[in-house]
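Following: one structure in structure tokens, then a few remarks.
Derivation of every value follows stated rules applied to the coordinates shown; laboratory data play no part. Note that the structure is predicted; figures quoted are calculated from it, not measured. Heads up, the Cβs are rebuilt from the backbone with ideal geometry, glycines too, and the neighbour counts pull from every protein chain shown.
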Amino acid sequence: MRNTTIELEKYLNDLSTTARAGDKLPTVRELMRRFGLSQMSVQRVFHDMRARGLVDSQVGRGTFFLLHGSDAGEPRDGGESKIVSSARAESRSVLLLRRSISIARGRVLIEKLHERFVANGQKVLEVSYSDPNHARAVLKGLPRFDACVVQSTYRPIPIEVLAAIRDKTDVIAVDGTALVGADVEAVGTEWGEPLAEATQRLLERGHRKIAFAATSRPLLATQLGFRRWEYLEKAHPDISFHTIKVPLLPDEDYVQSLVAELMVQVDDGRLPFSALIVWGVEDGARFRRMLMDLGVSVPEHLSVVLLGRTDLPNERGGFFEIIGSSIDDQVEALYQAINDRWLNPSLPYGVRLTRVTRKEGASVASPIEVN
């Protein structure tokens with residue numbers, strides 16, 4: 001088996017033999033893609049190189065070489081280089097502003113982002129709010145920050161709140177793609193892509209009657225999904241596509257409302273489709289129990305693919321196949337967006353889309369033919 005960690009170490013050690021102090025290393029993301037490694041594996045190699053006195057990291061600048069490779073590992077004379085002192089002395093302040101609702105995804109992401117900034121020497125203040133007007137009042141009393149990450153989680157961000165945030169920082173990143181086109185960094189998922197992958201997965205298993213369920217609220221995420229669904233329907237005229245629009249949001253009685261919609265469509269113990277793709281399920285285990293209470297066994301009666309966060313156990317419920325993006329990728333993209341803006345404030349604003357990942361489960365099977 002190819003040992004990519006050893007190959008990465010050799011590659012970086014070879015670079016160090018010709019590098020000059022201050023030369024930047026490739027980013028963690030670039031090395032992950034090039035060598036097929038996890039973020040943790042790449043960072044472990046970086047850690048080993050730092051321990052040898054070969055490299056150091058500076059927020060907003062990246063990881064860079066300190067010494068020529070021939071000098072690596074030699075004892076230092078007690079006086080660190082100016083570049084090291086500068087890297088360790090710089091500490092920026094970050095405000096994490098989160099809408100307080102009962103969604104595990106939001107809490108986990110902010111906690112991991114908090115840890116990510118603190119681990120790199122940043123000072124972090126986390127503020128959770130339920131009322132936008134109260135948030136504005138609180139913001140007025142806070143000092144300025146070097147950056148702010150805003151998380152709205154399905155709820156609109158009032159213009160007045162954005163203005164209050166802008167008064168406190170020049171660098172704003174939004175968790176999600178709701179503010180694409182504004183002078184903020186937007187990081188999120190284009191949900192049409194995992195929807196297309198889920199559809200292809202079900203087609204390959206032989207399903208010819210497939211439904212897609214998501215909230216009817218006009219969120220950018222689900223609107224992109226419904227638009228892709230319409231395209232897929234036109235591209236596969238021999239397949240029966242069903243659309244289910246749930247009138248609630250995931251932090252409301254979303255799953256209960258979805259099951260009620262399914263109940264209406266049950267005829268003689270059967271649904272008019274053999275497979276279902278669902279966006280927005282927060283508790284996979286609860287969703288499965290409610291389907292069983294309805295008399296629908298997964299995957300015997302209905303194959304199900306969830307669109308969501310592939311590294312959140314509560315969404316998958318230890319059972320469902322899930323396609324979407326990971327919290328870890330979202331955290332890394334937000335972190336990198338802030339650091340890139342610190343490094344180069346003149347960068348054009350835009351959207352960063354996380355990669356699509358899949359976690360296999362036991363919720364998909366070939367349809368059972370009924371005579």
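Tell me, what does the Kirkwood hydrodynamic radius of the range 151-266 come to in angstroms if you use every pair of distinct C-alpha atoms?
Kirkwood radius, the range 151-266: 16.4 Å.
What residues of the range 336-361 lie in the reach of a label at ALA163, counting those whose backbone N is under 20 Å from a point 7 Å from the Cα along Cα→Cβ?
The answer is none.
Give the order of ASP23, ASP293 when sorted by the count of other beta carbons within 10 angstrom, beginning with the fewest.
On the way: ASP23 13, ASP293 10.
Final ranking by Cβ density, sparse to dense: ASP293, ASP23.
Given the pairs LYS123/LYS359; LYS209/LYS245; LYS24/LYS123; LYS112/LYS245, which span a C-alpha to C-alpha distance of over 27 angstrom in this model?
LYS123/LYS359; LYS112/LYS245
Starting from one equal scatterer on each C-alpha and no solvent at all, send me the Debye-based log10 I(q)/I(0) for the chain at q = 0.12 Å⁻¹, two decimals.
Cα-only, vacuum Debye calculation for the chain: -0.97.
Mind giving me the FRET efficiency for THR5 and VAL266? R0 is 51 Å, r the Cβ-Cβ distance, nearest 0.05 is fine. Write out the running numbers ahead of the final one.
Working: r = 52 Å, r/R0 = 1.02.
E between THR5 and VAL266, to the nearest 0.05, is 0.45.
Only helical DSSP H runs with n ≥ 4 go in: add -39500 (n - 2.57) per run for the chain, normalise by residue count and round the 222 nm mean residue ellipticity to 500 deg cm²/dmol.
Numbers: 13 runs with 147 residues, N = 371.
Per the formula, -12000 deg cm²/dmol.
Please report the antiparallel percentage of the DSSP beta bridges confined to the chain, to the nearest 5.
Antiparallel: roughly 20 percent of the beta bridges in the chain.
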